[in-house]
2 protein chains.
Amino acid sequence: MELFYSSDISDGRLYLDGEESQHCIKVLRHRTGDEIAVTDGTGNLMKCRLTDDSAKRAGAVILDIIPDWGGHPYDLEMAVCPTKNIDRYEWFAEKACETGIDSICPVIGEHSERKILKIQRIRKILLSAAKQSLKGKIPDICDALPVKDYILQRKESSDRLKLIAYCFEDEQYPRISVKDALNDMPEGCRAVSVLIGPEGDFSPEEASMAVECGFIPVHLGPSRLRTETAALAAVFAVYSHFML
Amino acid sequence: MELFYSSDISDGRLYLDGEESQHCIKVLRHRTGDEIAVTDGTGNLMKCRLTDDSAKRAGAVILDIIPDWGGHPYDLEMAVCPTKNIDRYEWFAEKACETGIDSICPVIGEHSERKILKIQRIRKILLSAAKQSLKGKIPDICDALPVKDYILQRKESSDRLKLIAYCFEDEQYPRISVKDALNDMPEGCRAVSVLIGPEGDFSPEEASMAVECGFIPVHLGPSRLRTETAALAAVFAVYSHFML
């Protein structure tokens, strides 16, 4: 099954943009009358019939809409510091989308070497991964913001399980495993935010601030995982907790 | 901490090869008398003192040996079909090593598009990942072999939990989640083998043969995961089961 994306939808009709039209008409050779599947990126799968096989702006009529298509029974926000090597961050975005997340917040820590991120590129990777893994909802990605700003934004979110993966070597804050943290979640809570630091880890001030704002210190087991591997390990832990 | 690798060890002394010597002496500027940490790739961490700071063949005397260093309390063999895009397989090898595995068996399925794999390249990635993630044991990688040969090789391994991730759409073999399969493991069993198919999945004959030879059909949740993501999800599941 091939999934297309459209943001140009109204009155029971939709249009594919240049790139999607090219792929649909030129590469896959769909013609007027063919049925195609289109997502609006918010979770809806639309079964459509092509009414215009233009390779620049293909048009279709919507036959049926399936909401929350390819969705998951949790809400997962990953606040992850960009890696020095950006390929690794892009790889994380792809794999996290494939597995099932709702949003990525690129956060810049005091020890972050990379302070700038091309959001448009990641957005494209998320769109492509969502189509590939047949998910109706494309994860959101927000503009990069400092770790401390993110923590303050999430301070009042008491309806979410908020986790921070940090070594806390001074043992001021004892850590539990991410698995135990998920098992201890209040019943009915399905929203999780996970904060993952840069290669140089969080600063002690960032870590203390997170704990004061309700983030639970967690570890991801004894292996020394890179930033992007740790982030994906957390995604798999949440996926596994709710799904398997 | 920086970890070096040596296979040239005897009588309480060791030598680093050209590449490792270059890195140790030229890049990190270690000199005779410095203490360095060296792994032999089988799990031993050797604390050494440099006695010869040659950038071509540095020599050192072994002061102390710590066995099973950076090890994990399970034995995990991943039999994974090579992906069409080999970068994805190499990425899996790196991430799996970081997390904790013992061996990779590249297996060629009847539906595999890629039938050849450069083992030396993967071996190099595993060495680099083991050093980066401070693991004394470098995972083994064997030569590629057909899926059916691998299954027959593992037929008599009744002391291992053997899992196959396959869609089994005909429902001839009901699947359980990989998490439940791990929870149902016989007490004391710590050896796991997981078989992951190519982009085109296993052939029905391969899948039936695996089940007949004691492989338990498992799923990795509802998301449609790529080969390399599925393989890493299985690695995380085993890691999480034994460690967290």
Lys/Arg +1, Asp/Glu -1 at C-beta; the stretch A:1-152 dipole; positive extreme among A:Ala55, A:Pro106, A:Met1: A:Ala55
Note on the stretch B:75-243, DSSP bridge orientation, antiparallel percent to nearest 5 equals 0
Show which lysines lie in cross-link reach of A:Lys131 when reach means a straight Cα distance below 17 angstrom and same-chain residues fewer than eight apart are skipped. A:Lys47, A:Lys95
Nearest-to-axis residue of chain A, judged by Cβ, for the A-to-B rotation, with distance in whole Å? A:Phe236, 2
Within the set A:Asp11, A:Asp52, A:Asp34, GNM on chain A using Cα springs under 10 Å gives the largest fluctuation to A:Asp11
When the helices in chain B are scored as -39500 (n - 2.57) per DSSP H run of 4 or longer and the sum is shared across all residues, what 222 nm value do you end up with, to the nearest 500 deg cm²/dmol? -8500 deg cm²/dmol
In Å², and per residue, what accessible area does chain A have when probed at 1.4 Å with the other protein chains present? 45
If I model a spin label at B:Cys142 and B:Asn183 as a point 7 Å from the Cα along the Cα→Cβ vector, what separation in nanometres do I get? 3.2
Given charges at beta-carbon only (K, R positive; D, E negative), |dipole| of the stretch A:89-244 in Debye: 820
Along the stretch A:234-240, what does the Karplus equation 6.51 cos²θ - 1.76 cosθ + 1.60 (θ = phi - 60°) give for ³J(HN,Hα), rounded to whole Hz, x for Gly and Pro? 5, 4, 4, 4, 5, 3, 5
Bridge orientation stat for the protein assembly as shown from DSSP, antiparallel percent rounded to 5, came to 40
Counting Lys +1, Arg +1, Asp -1, Glu -1, what net charge surrounds A:His111 among other residues with beta carbon under 12 Å of its beta carbon? -3
7 Å from Cα along Cα→Cβ at both B:Thr42 and A:Lys118: what's the point-to-point distance in nm? 4.8
Label 7 Å along Cα→Cβ of A:Glu205; the stretch A:129-153 residues with amide nitrogen under 20 Å? A:145-153
Determine the share of the protein assembly as shown's accessible area contributed by carbon and sulfur atoms, expressed in whole percent, with a 1.4 angstrom probe. 47
Per the C-alpha gyration tensor (a ≥ b ≥ c, the square roots of its eigenvalues), the stretch A:75-243 is rounded if a/c is under 1.5, else prolate if a/b beats b/c, else oblate; here it's oblate
Treating only the Cβ of Lys, Arg, Asp and Glu as charged (+1, +1, -1, -1), what charge dipole size does the protein assembly as shown show about its Cα centre? Round to the nearest 20 debye. 1080
Mind listing the label-point distances from B:Gly12 to the same position on all other copies, shortest first, one decimal in nm, points 7 Å along Cα→Cβ? 8.9
Note the distances from A:Thr51 to each other copy's matching label point, with points 7 Å along the Cα-to-beta-carbon direction, in nm, sorted shortest first. 8.5
So the A/B interface buries, both sides summed and with a 1.4 Å probe, an accessible area in Å² (nearest 100) of 2800
Given labels modelled 7 Å from the Cα in the Cβ direction, how far is it in nm from A:Leu28 to B:Arg29? 5.8
Could you estimate the translational diffusion coefficient of the protein assembly as shown from the Stokes-Einstein equation, with Rh from the Kirkwood formula over C-alpha pairs, at 37 °C and 0.692 mPa s, in whole µm²/s? 134
In whole Hz and in residue order, list the ³J(HN,Hα) couplings for the stretch A:101-114 that follow from phi through the Karplus curve 6.51 cos²θ - 1.76 cosθ + 1.60, θ = phi - 60°; x for Gly and Pro. 9, 10, 7, 10, 10, x, 10, 9, x, 5, 9, 5, 7, 8
Among B:His30, A:Trp69, A:Ala181 the positive-end extreme of the charge dipole of the protein assembly as shown (Cβ point charges): B:His30
Most mobile listed residue (B:Ala207, B:Ala60, B:Ala130) in chain B, GNM with C-alpha springs under 10 Å: B:Ala60
What is the average number of partner chain Cβ atoms found within 10 Å of a Cβ in B:178-184? 1
List the aspartates and glutamates whose Cα sits under 15 Å from the Cα of A:Lys135, skipping any in the same chain fewer than 8 residues away. A:Glu2, A:Asp40, A:Asp68, A:Asp75, A:Glu94, A:Glu98, A:Asp102
Please check: in the Gaussian network model of chain A (C-alpha springs, under 10 Å), which one of A:Arg57, A:Arg29, A:Arg114 has the largest mean-square fluctuation. A:Arg29
Quick one: dipole size for the stretch B:102-170, taken about the Cα centre, charges +1 on Lys/Arg Cβ and -1 on Asp/Glu Cβ, in debye to the nearest 20. 540
Net charge within 13 Å of B:Cys142 by Cβ-Cβ distance, Lys/Arg positive one each and Asp/Glu negative one each, not counting B:Cys142 itself? -3
Amide H neighbours of B:Cys105 under 5 Å, at least 5 residues apart or on other chains, H built in the peptide plane: list them. B:Met78, B:Ala79, B:Val80
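The values are calculated or read from the model by the stated rules, or taken from the named source; none is laboratory data. As the structure is a computational prediction, the values presented were derived from the model and not from experiment. In this analysis, Cβ positions are derived from the backbone assuming ideal geometry, glycine residues included, and neighbour counts consider all displayed protein chains. Just so you know, the surface numbers come from the protein's heavy atoms only, side chains and all, with ligands and any DNA or RNA stripped out. Shrake-Rupley method; radii C 1.70, N 1.55, O 1.52, S 1.80 Å.
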